[in-house]
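Peer 1: Can you read through this structure? Questions will come right after.
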Amino acid sequence: MGFFSGLDAEKYDRQYSDRKLFARILTYFRPYTKKLVVVTITMLMVSGASALQPVVVSRGLDSIGTQPTLSKVLWIGGLVLLIGVLSWSMNMVRRRFTARIIANVFKTLATDAFSAATSHDLSFYDEFSSGKIASRITSDTQEFGNLVNLVGELISQVVESGILLVILLTINWKLTLIAILLMPIVFGMAIGYRKLARNVTRKGFRAMANVNSTIKETISGIAVAKNYRQEASIFNS
């Protein structure tokens, strides 16, 4: 348990509510409002195309029936191909703009974290290891970028599911309502996993900070020992 004994929260750690975290995140994305509009539009187009594709295939097969003709098969295949190309193109544009936004936000967030770290008095680093601070600046900001990507994918999937839900209601509303009744169970499991994952992820970041801190302090100690030529006294002690 020696390795995990240092996974407690640091004194400078803060616990924020989801609302406050969301408000602080928005301040970093506000300068990129126009690009976010492009991302939103392309995301809606990708979701709509992804939801439309199975509907086109289904209606196309119904129209063909038991007597398929070459013209109908080519028409349906061309329409599915067109939807796929449109979805791929819009997804490429969305990912391109998203990558640029995340890179800029990542840079700003890391710069702010570094500025906050350097604004402290040197006595701050007498109590807290500089290796842990460096780990927070690099690892945590990188994971924030991954989080934004996952949230974007989640929103896209939710929009696509909403479109499919409307289509399913027009086909058979009774079966659709049965499927909807299962959604609270899924949401409950997701919320429970979120709470568990948040605690585990926080401990993982702290463990990584401990590793980086140990490596940094060890390397720094070796450099000091070599500078003062005290290797012999260290190994003999």
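Values in this text are rule-based calculations from the coordinates and carry no lab data. Just so you know, these numbers come straight off a predicted model, no measurement behind them. Glycine gets a Cβ as well: all are built from the backbone with ideal geometry, and neighbour counts include every protein chain shown.
Peer 1: Calculate the spin-label point distance for Ile215 paired with Val56, positioning each point 7 Å from the Cα along the beta-carbon direction, and give it in nanometres.
Peer 2: Result for the modelled spin labels: 4.9 nm.
Peer 1: Between Thr170 and Asn104, what length comes free when the chain is fully extended (0.36 nm per residue of separation minus the Cα-Cα distance, one decimal in nm)? It would help to have the intermediate numbers written out before the result.
Peer 2: Values: separation 66, 0.36 × 66 = 23.76 nm, distance 4.34 nm.
Going from the current span to full extension adds 19.4 nm.
Peer 1: With θ taken as phi - 60° and the coefficients 6.51, -1.76 and 1.60, list the Karplus ³J(HN,Hα) couplings across the range 91-108 in order, rounded to whole Hz; mark glycine and proline as x.
Peer 2: So the Karplus estimates, Gly and Pro as x, are 5, 5, 5, 4, 5, 5, 5, 5, 4, 5, 4, 5, 4, 5, 5, 4, 5, 5 Hz.
Peer 1: In addition: Take peptides 84-95, 107-118, 169-180 and line them up by average Cβ neighbours within 10 Å, highest first, as a rough protection proxy. Write out the running numbers ahead of the final one.
Peer 2: Numbers: 84-95: 15.4, 107-118: 13.6, 169-180: 11.0.
The peptides rank, most packed first, as 84-95, 107-118, 169-180.
Peer 1: Extending each Cα 7 Å along its Cβ direction at Thr111 and Trp75, get the distance between those two points in nm, one decimal.
Peer 2: 5.7
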